[in-house]
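*Asks:* A single structure is presented below for examination.
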Amino acid sequence: MHSAINICDKSLRIQRSVSKGFHHAVAPIRPLQPSPSSVDHSRPLIARAGKRLPSQAESVFSGSTNAEDIISRVPVAGTSVSDLDYLSELLAIQQSDGPKNIGFFGTRNMGLTHQKIVEILAYAYASVGNHIYTSGAMGTNAAVIKGALRANDPSKLTVILPQSLSRQPSEVQELLGQVGDLIEMPENDGLSLLEASRSCNKAIISNVQQVICFAFHDSRLLMETCREAKEMKKIVTAFYLD
């Protein structure tokens, strides 16, 4: 039996399905075990909740440090229960050897549903004690920053910019202003964005033990980043969006 999400050499492929103008991650085949409350899982998460979608912080029980518990309590529009169950298993496996520094990389061209999944993942990793590193672009980076900030521990997030803050997109300036540990690279202001981003990615890799990347197969810089991380003996998990 083939699962919709295949795992091979620590790389995960997220298949795309088109619905209402954007892509949804396909849920793995293994179903979530029924909960004691006998909730009707055939209905959408938001409809079952009967109220507004809570923030990540509101969704977590006070004092919880269990990765599976954290992810399972964060409902997302357009994301199935099985998707969240799959992410909780990934977290449980990768946190088994304790907190670590984790670098998040990814494409700027990411749909809203995938951005919400990335936000949840970053939130959960930060909530269980991992230190999150990322950069400051739109798409993946912005989602990671939002998720890590909602963990309510600013010390668990470091954002390294490829150039000066003033050269970052106006759409993320306000978000970057909320980051406590923000590192600029003004020495790269004279470089092209591609070269500056390559330098930035290397700086992030040098500070982490694990890399998580969301990319398309033709994302040349991201593929190069993953190869370099593997050569440096980092743990690399790649989510392919095509």
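What follows is calculated from the coordinates using simple rules that are stated; it is not laboratory data. Since we're looking at a predicted model, the values are computed, not measured. Here the Cβ positions follow ideal geometry from the backbone for every residue, glycine too, while neighbour counts run over all protein chains shown.
*Asks:* Working out 0.36 nm times the residue gap between residue 230 and residue 194, then minus their Cα-Cα distance, what length gain in nm do you get to one decimal?
*Replies:* On the way: separation 36, 0.36 × 36 = 12.96 nm, distance 2.07 nm.
Value of the extension gain: 10.9 nm.
*Asks:* Report the semi-axes of the equivalent ellipsoid for segment 100-142 in whole Å, largest first, where each axis is √(5λ) for an eigenvalue λ of the Cα gyration tensor. Please report the intermediate quantities before stating the final value.
*Replies:* Details: eigenvalues 68, 29, 7 Å².
They are 18, 12, 6 Å, listed largest first.
*Asks:* With θ taken as phi - 60° and the coefficients 6.51, -1.76 and 1.60, list the Karplus ³J(HN,Hα) couplings across segment 124-136 in order, rounded to whole Hz; mark glycine and proline as x.
*Replies:* Running phi through 6.51 cos²θ - 1.76 cosθ + 1.60 with θ = phi - 60° gives 5, 4, 5, 5, 9, x, 6, 9, 9, 10, 7, 10, x Hz.
*Asks:* Per residue of segment 207-222, in order, report the coupling 6.51 cos²θ - 1.76 cosθ + 1.60 (Karplus, θ = phi - 60°) as ³J(HN,Hα) in whole Hz, putting x for Gly and Pro.
*Replies:* 9, 10, 9, 9, 10, 10, 10, 10, 8, 9, 5, 9, 7, 4, 5, 5
*Asks:* Along the charge dipole of segment 129-242, Cβ charges K/R +1 and D/E -1, which of 136, 239, 223 sits furthest on the positive end?
*Replies:* 239
*Asks:* Same structure, new question: Where Lys and Arg each count +1 and Asp and Glu each count -1, what net charge lies around residue 195 among other residues with Cβ under 15 Å from its Cβ?
*Replies:* Details: positive: 167, 198, 202, 220; negative: 187, 189, 224, 228.
It works out to a net charge of 0.
*Asks:* For residue 157, list long-range residues whose amide hydrogen, built 1.01 Å from N in the peptide plane, is under 5 Å from its own amide hydrogen.
*Replies:* Result for residue 157 returns 132.
*Asks:* Let me ask something else. With an 8 Å cut-off on Cα pairs and a minimum separation of 6 or more residues, tell me the relative contact order of segment 119-242 in percent. Could you put the intermediate results ahead of the total?
*Replies:* Values: 195 pairs, mean separation 24.3, N = 124.
Normalised by residue count, the contact order of segment 119-242 is 20 percent.
*Asks:* Taking amide H atoms as placed 1.01 Å from N in the peptide plane, list the residues 5 or more away in sequence, or in a different chain, whose amide H sits under 5 Å from that of residue 214.
*Replies:* 105, 106, 107, 239
*Asks:* Another one. Jot down the radius of gyration and Dmax of segment 185-234, Cα atoms only, both in angstrom.
*Replies:* 11.4, 31
*Asks:* Classify segment 110-242 as rounded, prolate or oblate from the Cα gyration tensor: take a ≥ b ≥ c as the square roots of its eigenvalues, call it rounded if a/c is under 1.5, otherwise prolate when a/b beats b/c and oblate if not. Working shown, then result.
*Replies:* Values: a/c = 1.30, a/b = 1.03, b/c = 1.26.
Rounded shape, in that the Cα axes give a/c under 1.5.
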